[in-house]
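S.K.: Dumping the structure here so I can ask a few things about it.
What follows is calculated from the coordinates using simple rules that are stated; it is not laboratory data. Since we're looking at a predicted model, the values are computed, not measured. Don't worry about glycine lacking a Cβ; one is built from the backbone with ideal geometry, like all the others, and counts go over all protein chains shown.
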Amino acid sequence: MPVVMKITQSRINHYADASGDFNPIHLDEKFASKSRFGRRIAHGMLIAAMISELMAKNFSDSWALSGKLKIRFRAPVYTDDTVTARGYVKNIENVNAQQIKIACVVEAVKESAGSTDEFGDTAITGQATVIVNL
């Protein structure tokens, strides 16, 4: 089951408060307008946390105890984007337990583009690994 989140400026501001990351690229519209992005962007780790939420929902304690995540940031996520994290089983290895490798992707549908596509720009790709005891 995917994890879906609407990225609001309020959510970005709250993440800045929680993380201590007050980089103006996330918070200051005037500053961000002069950046290569042209406007404010969400914190990458705010978006990446959606993968951990996805894994926790599907593997609960196993994810907390053994989860590993390797990601690559591909594109920025902007205020008002709707972001979806999905995972697909890539591989299962059995050695006293099941080690499951999940291909992960987070995609952002641009609200401003008026898109009704289910899939949008790929913001993050990666792989999650979790060990499930038999």
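S.K.: Where does the charge balance sit around Q99 when Lys and Arg score +1, Asp and Glu -1, over other residues with C-beta under 13 Å from its C-beta?
M.R.: Every neighbour counted, the sum reads +2.
S.K.: Now for a different question. I need two numbers for the chain: Rg to one decimal and Dmax as a whole number, Cα atoms only, in Å.
M.R.: Using the Cα atoms of the chain, the pair Rg, Dmax is 16.3, 55 Å.
S.K.: Quick check on the exposure proxy: order Y15, Y88, Y78 from fewest to most C-beta atoms within 10 angstrom.
M.R.: Ranking Y15, Y88, Y78 by Cβ neighbours within 10 Å, fewest first, gives Y88, Y15, Y78.
S.K.: Let me have the relative contact order for the chain, percent, based on Cα pairs under 8 Å that are six or more residues apart.
M.R.: That works out to 27 percent.
S.K.: Any idea what angle helix 9-19 forms with the longest principal axis of the chain, computed on alpha-carbon atoms, 0 to 90 degrees, nearest 10?
M.R.: The two axes meet at around 60 degrees.
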